[in-house]
Amino acid sequence: MAPDALAAMLAAGYYTQIAALLGAIGAFKAFLFTKRYPEIIPFSRSTYILLIAILLSLLLTGAGAIAFDLRL
């Protein structure tokens with residue numbers, strides 16, 4: 001899924017947990033390939049670690065009371 005679509009889903013609160021899971025997978029993939037493809041992946045490894053932590057927190061906590069989420 002495109003990063004722009006994931007960002008829109010997270011901003012709107014639409015299936016936040018699914019978007020957070022897919023975003024965490026993408027961030028982990030970018031974390032692994034940062035040194036191999038530095039011209040494609042723009043951020044440092046520590047930035048991706050922080051992004052993974054934020055997305056996993058959203059996965060566990062959800063987006064809030066008015067969001068359309070899955071019940072875990």
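Between Ala7 and Leu21, with labels modelled 7 Å along Cα→Cβ, what's the label distance in nm to one decimal, could you check?
Taking the simple label geometry, Ala7 and Leu21 are separated by 2.4 nm.
Compute the relative contact order of the chain as a whole-number percentage, counting only Cα pairs closer than 8 Å that sit 6 or more residues apart in sequence.
Relative contact order here is 43 percent.
What's the carbon and sulfur percent of the chain's accessible surface, probe 1.4 angstrom, rounded to a whole number?
Of all accessible area on the chain, carbon and sulfur atoms account for 70 percent.
May I ask you to list the trypsin sites (Lys or Arg not before Pro) in segment 1-55 that are in a DSSP loop and have at most 12 other Cβ atoms within 10 Å of their Cβ?
Lys35, Arg36
Over the Cα atoms of the chain, Rg to Rh with Kirkwood Rh, two decimal places?
Across the chain, the Cα-based Rg/Rh ratio is 1.02.
For the chain, what does the accessible surface come to per residue with a 1.4 Å probe? Please give it in Å².
Result: 72 Å² of accessible area for each residue.
The values are calculated or read from the model by the stated rules, or taken from the named source; none is laboratory data. Nothing here was measured: the structure is a model prediction, and the numbers come from that model. Reconstructed Cβ throughout: ideal geometry from the backbone, glycine too, with neighbour counts over all protein chains shown. Areas reflect the complete protein model, heavy atoms only, side chains present, ligands, DNA and RNA absent. Shrake-Rupley method; radii C 1.70, N 1.55, O 1.52, S 1.80 Å.
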